Structure formats: C-alpha cells, structure tokens
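Heads up, the thing below is written out as structure tokens.
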Amino acid sequence: MHTETDTKAKVRNYIIESTFDDVEKIKDDTLIFEEGILDSMGLLFLIEFLQEEFNLTTSDEELVVENFQSINSIMTFIERKM
Amino acid sequence: MNTTRQPFSKDILHIDNIETVCNAIITKLKNDVGRTLQRRGAVIGISGGIDSSVCMALSAKAFGPNKVTAIMLPEQDSSDDSRLLAEKLAAKFDVKDTLVEDITKALDGFGCYQRRDDAIGRVITNFDPKVDKAKIEIKQDAASNLPPAFSVTVIKPNGEVISKLLPVKEYLQIVASTNFKQRSRMSMLYYHAERLHYAVIGTPNKHEVEQGFFVKYGDGGADVMPIGHLYKTQVYQLARHLGVPQEIIDRTPTTDTYTAEQTQEDFFYQMPFEEMDLIWYGWENDYPADEVAKVMDKTTQDIENIYKNFERKRKTTAYLRMRPIF
C-alpha cells in the first residue's frame, strides 16, 4: 500500500536520480519537459518506472501532457489509475 | 545594416534562382571532393528516394557520370520498387558504374532481424515475423506538448492491426537492431570508396541532419553532404530542375527499414513536409508564432507547441551530431 507522500517521494527521487539534477530545482509544479529536465527518452524511462514501481501501464491515449507535465500531474495520473 | 526581412509566407522557401543554387552546390562538391578531400570521384548509395536521387544527379554533374559509382544496397525488407527506381535514375544520368550489394546476409550475421523480432515479440506476443509485417511509429500529434513516444504496429496477413506503446527496453533494442542496416550500408560504401579512392556522398537533407533523423556512423557517416542545408521542399525543387524521374518525385518518402510500409511522416516527423519546412523556417528565423499561425492556418498555441517540439528534437539528438570528445 502506497501513501500519497511515499508515492510523491518516489516519483521525485526517480526524476532527480535519473537526471542528476539539483533537488531544489525540481518543485512539484515544475514543468519537467518544458524546462528540458526530461526529454523523449526520459519520458519512455518514466513510463517504465511507473510500470515497475506501481504496476501502472500507460496507453497511447494517456500520452498527453496533462498526465506528465509535472510531479503534480504525474501524481494525479497515478491516483486515477490505482 | 538592413534589418528588414520578408514577411512570413508560404513561398518563403521557394528558390527563385534554382540554376544558380545548383551550380553553387556542384562547384562546392568539386572543390570539397577534389581539393579538400583529395579524392577522384564519388560513391553514393541510391535507394530510389528523393534525397539520394538528387545527390546522385548533382554528383554526376559535378564529377561526370564516369566518376560516379552508384550502389544499391537492398536487404530482405527493402521494397522491390526501390531497386527499379534506382536503376532508372542511374540510367537517366548516364551513371554506368552501378552495383547491387545485397546486405541481407551481413545483417543476418549481425542478428539484426532476430534481435529486432525478439523485441517486437516481447510486446506483441502473437507476432509471427515469417508472415506478419511490423513497423514503429509516433502516434502523437506534433503540436502535443509532450515528447514523442513510439508504438509498435503489427499487421497480420488477414489485415488485423495490433498496436502497442513500446516499453523503453524494447524500443531501444528495435532501433539498435535496425540501425545495423544503415551501418552495414555505410561499411559497404566505404569499401567501394576506398577501393576506388573516391569520397562517400552522404544524402541527408537539412531536417534529417538537424532533427537527428539519421543513424550515427550509418547514413550519418559520409565525407560530404551536398543537400544537408536544404529543406525537403527545396530538395524536390532541385529534383524537378535536375530532371530526376517523375516516379521518384511522386513517391511518398518511406524509411524502407521495416517490413510494414512506413512513411517518414509516421515514423518521425509527425506532419507533412510542406508544413514542417515552413514552420521550421519560422522557428529557425525567430518568426513570432502568431505570424506563422496565420499563414499556416493553425492556432498560435499549435505553432508554439511545434516550435517546442523542434527545439526538443534538436536538443535530444545533439549527441548524434557530436564528434568523439577527447
């Protein structure tokens, strides 16, 4: 059972660890693609992370910016799917 | 200093002085190959596509047809049309030294097909590479504000289409496997270039170079890229001017890489060339999105998103254009 705080921490840690970025730079509402923190390969690895960590599969139709643009968006997406 | 510039329009990329532009490329080719590279002719891989056709025509005019070796490099997934069109092209420009080097066995030796099909089979479990056709494609709109993700599509003999979003491991394995094709072609072109003391003519156009739609040390491995600065619609303009056969001009550009028919638009660019060229020009030359939107009959938001998409592609693929770091 994941709590919301655990989940958010895991998502945040994943993004920080995979980009070697400063913790301070990535806020919950930072636009991670628009600001170039993750690129297209970063999106694919993020989808893989969501699958492996939360057993959450992403469909073609769910590949929209509203689901992935920030940690907050990813959290909403995860909550809706779980 | 004149700081005025042309208003953005659909004709902005049209080359008015096509003869002069062709002659300048031909002069530069002669200088690059003869003087800078000190080579005595050109080797070029021809596929029946528009880019390699224009490059071959330019090479034949620059060096003379008898100093050009045109090589067709088919493999088991290549379309039969490609070879027929390539032969017609060589005949049109009087290039007699044409060779066919089938690279299927080399690719088989590398495990290209097996590795690719294994990865597809992990995603679509009832994939049968003996009878099914497969391709990978981007299904998102270019105006989407999210980086593209690839899907694999399998087409069964009965016409059933199965498509799934590709997990990252399988996506990377499919791309890495099929890249053997471009790298094997590059090896064969250099074999002939070294045998003849010729230069290898690379065929990527401006979009392929700058958006990273090429394989590093594959089709990106060449000595000279005569159309690397030209937009795709300009390449078509050159093709018509140079007399490239009409069947080649009329053909939809494909990757000729996967077993299922796959256009370059589906695979990578996400929009028609005519639109992409103009919007890229607008982005590259800092035209405001609203000015471009009016001409292209799109919303300002769409153009802003497409600008971001271009910026992302150029940034993501910078690695492909980099030389080894030392």
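The values are calculated or read from the model by the stated rules, or taken from the named source; none is laboratory data. Please read all numbers here as calculations on a predicted model, not as lab measurements. Reconstructed Cβ throughout: ideal geometry from the backbone, glycine too, with neighbour counts over all protein chains shown.
Data table
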{"read-out": "Those residues of the stretch A:1-34 which are assigned to a loop (DSSP other than H, G, I, E, B) and under 19 Å from residue A:76 (Cα atoms), in sequence order", "value": "A:1, A:2, A:3, A:26, A:27, A:28, A:29, A:30, A:31, A:32, A:33, A:34"}
{"read-out": "Count - residues of the stretch A:52-76 that are part of a helix (DSSP H, G or I) and at the interface with another protein chain (Cβ under 7 Å from one of its Cβ atoms)", "value": "3"}
{"read-out": "Unmet requirement for residue A:20, which otherwise passes all of (1) on the phi > 0 side of the Ramachandran plot; (2) aromatic (Phe, Trp, Tyr); (3) within 14 Å of chain B (Cβ to nearest Cβ)", "value": "(3)"}
{"read-out": "Counted residues, the stretch A:49-63 - those being exposed (fewer than 15 other Cβ atoms within 10 Å of the Cβ) and under 15 Å from residue B:139 (Cβ atoms)", "value": "3"}
{"read-out": "Scope the stretch A:35-51; condition more than 11 Å from the chain's Cα centre (by Cα) and not in a helix (DSSP H, G or I); matching residues", "value": "A:35, A:36, A:37, A:39"}
{"read-out": "The stretch B:172-211 - residue that is in contact (Cβ under 8 Å) with a residue 40 or more places away in the chain and within 14 Å of chain A (Cβ to nearest Cβ) and, of those, nearest to the chain's Cα centre (by Cα)", "value": "B:211"}
{"read-out": "Residue B:123 vs. criteria among the aliphatic types (A, V, I, L, M), surrounded by 17 or more Cβ atoms within 10 Å (Cβ to Cβ), farther than 18 Å from residue B:256 by Cα and not assigned by TED's automatic domain parsing to the domain that holds residue B:149", "value": "no"}
{"read-out": "Test result for residue A:41, facing another protein chain (nearest Cβ under 9 Å) and of a type outside the set (Val, Ile, Thr)", "value": "yes"}
{"read-out": "Residue check, residue B:304 within 17 Å of residue B:10 (Cα to Cα), assigned by TED's automatic domain parsing to the domain that holds residue B:220, of a type in the set (Asp, Glu) and part of a helix (DSSP H, G or I)", "value": "no"}
{"read-out": "Subset of the stretch B:208-227 (residues that are surrounded by fewer than 20 Cβ atoms within 10 Å (Cβ to Cβ) and among the small types (Gly, Ala, Ser))", "value": "B:218, B:221"}
{"read-out": "Index of the failed condition, residue B:62 passing every other in (1) over 25 Å from residue B:246 (Cα atoms); (2) modelled with pLDDT of 95 or more; (3) of a type in the set (A, V, I, L, M)", "value": "(1)"}
{"read-out": "Yes/no for residue B:158 being more than 14 Å from every other protein chain (Cβ to nearest Cβ) and closer than 30 Å to residue B:60 by Cβ", "value": "no"}
{"read-out": "Scan of the stretch B:213-228 for residues that are on the phi < 0 side of the Ramachandran plot and not β-branched (Val, Ile, Thr), ordered by number", "value": "B:213, B:214, B:216, B:218, B:219, B:220, B:221, B:222, B:223, B:225, B:226, B:228"}
